[in-house]
Amino acid sequence: MARPALEVADIFHQHGPAWRDSQRGHLSLAQLKVMSAIEQCRSAALGGHVLRCEGCATDLVSYNSCRNRHCPKCQSTAAKRWLDARQADLLPVEYYHVVFTLPAPLADLAYQNKAELYALLFDVAAEVLQTIAADPKHLGARIGATLVLHTWGSALTHHPHVHGIVPGGGLAPDGQSWVACRPGFFLPVRVLSRLMRRRFLEEVLRLHQAGRLRFFGELAALADGACFNNWLAPMRQCEWVVYAKRPFAGPDAVLAYLSRYTHRVAISNSRLISMDEHGVSFRWKDYRAKGRTHHKTMALAPDEFMRRFLLHVLPSGLHRIRHYGLLANSHRKSSLPLARELLHVAPPTVQIGNGDSQSSPAACAPTFVCWHCGQAMIVLQTFVRGQTIRAPPMPP
């Protein structure tokens, strides 16, 4: 796999040191750690291995990855491991894609209170889905959902929203049957939107009253309770963006979608075009354009590009993928076998975790694969951080 012509790491290498100096005191420790990790990823600074292909005898020096969840180069392997574990959870039913988005004023507040409001966005979205689905007027069933947090728009602006992947049905309240939704229709988005608006604003107000929100800069006046109530008033009247897409074309399409979305970062290296006197140029999608989505090119000054990229650094310990209802970790082992029994389907044959390694293809796959011939590569030498790398030994 060829290295992209331009990477986020190249931008950080060239412009990061001067920008860090100019922003001293304004960058958080988490943001500085992300910059450092991306700069060192797959370089000698993190150590690595000397490898040899068993097929064509090609020697290769492979440097270690930083494994930071914000690094564009470290997500494909993590996504593959996660998808292998999720494959056994899929049911032979329609799956739906539901998106919950915060209004712009609340998005600004969420940036200053990431841990509190991102977690609240997860929990309220899951509660809304389960509440409406449990209503006999709509579905009348207990459902499950996988929610994924994204905090960016295509132009790297701060745009927090959660993507929900939801099976098209659920268990009846008595647990004796599977209740399927109407083909091609999951739940009414207007009802989801109204309940989402009411519940989120109730919980935000409760956080404010408990003194768990912080306010800086232009939002500093919102620390006063009366001012905060007045600020929330327009958001009780406006429409909140909740939409449901068409159902996926089978379980394989669900996995393909998840592989693109679960471990995505603010911008991938493949979207970068150039870095020159005009700034950093990259491809983006203008969703506001009428008709079909317009693919455009944007150029930002390196300082602005780095600022926008680091807007999306998540608080330490915040999980950006969460499972609820039937798919929650506490219920999955009992609810999924019951759902398969009621759907009259056999249990999955893929074994995950402590299963027999001979029956799991992932367990038999080599750790390192030759880019030239696809054969397994063996480790000849391991070197640690800061250790001088010797030339690969000559083949016998």
*Per-selection Rg to Rh, the stretch 140-271 - Cα, Kirkwood hydrodynamic radius*: 1.04
*Debye intensity ratio in log₁₀ form over the Cα atoms of the stretch 120-204, taken at each q of 0.20 Å⁻¹*: -0.95
_Gain in span if fully extended, Asn230 to Ala88, counting 0.36 nm per residue against the direct Cα distance_ = 46.3 nm
*Would you count, across the stretch 210-338, every pair of lysines whose alpha carbons are under 25 angstrom apart, provided the pair is eight or more residues apart or spans two chains?*
4
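How big is the shadow of the Cα convex hull of the stretch 198-354, averaged over all directions, in nm²?
Reported value for the Cα convex hull: 15.9 nm².
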_Ala155-Gln176 FRET efficiency (beta carbon distance; Förster radius 45 Å; 0.05 resolution)_ = 0.35
*asked:* Run the Debye formula on the Cα coordinates of the stretch 1-122, all scatterers equal and no solvent, and tell me log10 I(q)/I(0) at q = 0.11, 0.16, 0.20 1/Å.
replied: -0.66, -1.10, -1.25
*Could you rank the peptides 225-232, 106-113 by their average count of other C-beta atoms within 10 Å per residue, with the highest value first?*
106-113, 225-232
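Tell me the mean residue ellipticity at 222 nm calculated for the chain from its helices only (DSSP H runs of n ≥ 4, each -39500 (n - 2.57), averaged over every residue, nearest 500). Numbers along the way, then the final one.
Working: 11 runs with 134 residues, N = 396.
It comes out at -10500 deg cm²/dmol, rounded to the nearest 500.
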_Can you compute the equivalent ellipsoid semi-axes for the stretch 55-185, i.e. the square root of 5 times each eigenvalue of the Cα gyration tensor, sorted largest first and rounded to whole Å?_
34, 25, 11
*Which helices pass in the chain if a helix is a full DSSP H run, must span at least 20 angstrom along its long axis by Cα, and must have mean Kyte-Doolittle hydropathy not below 0.5?*
114-134
*Can you pull the percent of the chain's accessible area that's carbon plus sulfur, 1.4 Å probe, other chains left in place?*
54
*Beyond 17 Å, what share of the Cα-Cα pairs of the stretch 214-289 remains, rounded to the nearest whole percent?*
74
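Accessible area per residue, 1.4 Å probe, Å², for the chain: what's the number?
Values: 20930 Å² over 396 residues.
Result: 53 Å² of accessible area for each residue.
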_Taking just the alpha carbons, could you work out the radius of gyration and Dmax for the chain, both in angstroms?_
23.9, 79
*asked:* Using a Cα-Cα cut-off of under 23 Å, which lysines could be cross-linked to Lys33, ignoring same-chain neighbours fewer than 8 residues away?
replied: Lys73, Lys114
*Would you mind getting me the FRET efficiency between His331 and His138? Use the beta-carbon distance for r and R0 = 25 Å, nearest 0.05.*
0.75
_Can you tell me, using C-alpha contacts under 8 Å and at least 6 residues apart, the relative contact order of the chain as a whole percent?_
26
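The values are calculated or read from the model by the stated rules, or taken from the named source; none is laboratory data. Quick caveat: nothing in here was measured; it's all calculated off a predicted structure. Glycine gets a Cβ as well: all are built from the backbone with ideal geometry, and neighbour counts include every protein chain shown. Side chains are part of the model used for accessible areas, which takes the heavy atoms of the whole protein and leaves out ligands, DNA and RNA. Shrake-Rupley method; radii C 1.70, N 1.55, O 1.52, S 1.80 Å.
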